[in-house]
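Below is one structure, written out as structure tokens; the observations come after it.
The values are calculated or read from the model by the stated rules, or taken from the named source; none is laboratory data. These numbers were taken from a predicted model, which means no experiment stands behind them. Positions of Cβ are backbone-derived with ideal geometry, glycine not excepted, and every protein chain shown enters the neighbour counts. Each accessible area value is taken on the protein alone, full model and side chains, heavy atoms only, with ligands, DNA and RNA left out. Shrake-Rupley method; radii C 1.70, N 1.55, O 1.52, S 1.80 Å.
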Amino acid sequence: MDVVRVGIVGMGIGRPNALGIARNPRGRVVALCDLLEERMQEFAQELPEPVKFYTDYEAMCRDPEIDAVFVGTPNQYHVPVALAAIRHGKHVLVTKPLADSVEAARELVEAAEASGLVNMMSLSTRFSEEVQYLGDLQRQGMLGEVYYARARSVRRRGIPAWSLGFIQAGGGAFRDMGVHVLDSVWWLLGMPRPISVSGVAGARFGPRGQGYFGRFIQPPEELARQYAADDYAGGFIRFENDIGLQVESFWASHQPGDLQIELFGTEAGARLRPLTLYRTVNGVDQDIAVTLSGKPREAVWEVIADHFIRCILDGTPCAAPLRHGLVVQEMMEALLESARTGAEVRLA
């Protein structure tokens, strides 16, 4: 095999992932799958080669001319689609979060690892240029011991309304947006083992028909009646070696939009946006603004696609296997469970 033929499930986040694959000289998008054929027809015009259309993911996964499947459905369907792909011998690339529950995530990880197929998370924040730069510094020891971090994802008016999966049980702000910063900061901390989680969560805007953005599939009052997820969540995660993390996610708020990670190290600290390092040299505090290549943020999808393809064709060790998604899922679900019960959750 010298080219990876990929089927894309879901015409939402599937679009940028598909374009990243199609732009790779060793990747081809050969099939699209969505409930609405018009969405596939519209997107197919952006692809360089003709593709097959499927409205049934099981049928697509049986196609012998497909080597790998990207899963970009609402959270509640990540595991069923990925399991079908694995059953039919397809490598899988899954958007965040891995699942809508720990149990489902664990079932998928066990099946994927037993299959021997490449399994990978598509993580646009972790694979971004800024996060990768900070990760390189951390691995080189430039920050010293990173012992504490803060991470947040804040929208002022950003409850998604184009799929009910976002606002129904198994969706919510923390699984949709909080997962980005939680995954990235956990990776930057060196992926320590989580010990305990304490959190709060709720919905202060969505059930009142407020805080939505994007085109509505239903009037806000109809969406409000079906709202069954969090539109904000925050909490504290304690890791082994006394590492602490404060994490927050808001779909809607009376605050400016923000996506931020702050690292506290014994030799230096760092902030993600704008990318800045903080250190003391000869008793003098230094704030160092870092300028990277200036690539557009959309280039991250090509980085993700290239790594996935190299894992399949070259045997490159996967830097973001589904097992990472399982650990992040465990932390997310523990925070939401703590919010429901009002008590700290201990993790095994």
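Rounded, prolate or oblate: which fits segment 243-311, taking a ≥ b ≥ c as square roots of the Cα gyration tensor eigenvalues, rounded meaning a/c under 1.5, else prolate when a/b beats b/c? Oblate. Judged by the ratio a/c of the largest to the smallest principal axis of the C-alpha gyration tensor, segment 71-200 counts as oblate, that ratio being 1.5 or greater while a/b is no larger than b/c. Could you state the angle between the C-alpha long axis of helix 300-314 and the longest principal axis of the C-alpha atoms of the chain, as a value from 0 to 90 degrees rounded to the nearest 10? Between helix and principal axis, roughly 70 degrees. What shape does segment 1-154 take by its C-alpha gyration tensor, where a ≥ b ≥ c are the square roots of the eigenvalues and a/c under 1.5 counts as rounded, a/b above b/c as prolate, and the rest as oblate? The shape class here is prolate. Distance distribution P(r), segment 126-229, all Cα-Cα pairs, bin width 5 angstrom from 0: 2, 11, 19, 18, 13, 12, 10, 8, 5, 2, 0 percent. Considering only W187, I261, T291, the residue lying farthest towards the positive end of the dipole of segment 161-297 is T291, judged by Cα position with unit charges set on Cβ.
The slack in the chain from T276 to R23, taken as 0.36 nm per residue of separation less the alpha-carbon distance, amounts to 87.9 nm. Solvent-accessible area assigned to carbon and sulfur over the chain amounts to 50 percent, based on a 1.4 Å probe.
Dividing the Cα radius of gyration of the chain by its Kirkwood radius returns 0.97 for Rg/Rh. Projecting label points 7 angstrom from Cα along Cα→Cβ for V284 and Q140 puts them 2.1 nm apart. For the chain, the solvent-accessible area works out to 44 Å² per residue, with a probe of 1.4 Å and every protein chain left in place.
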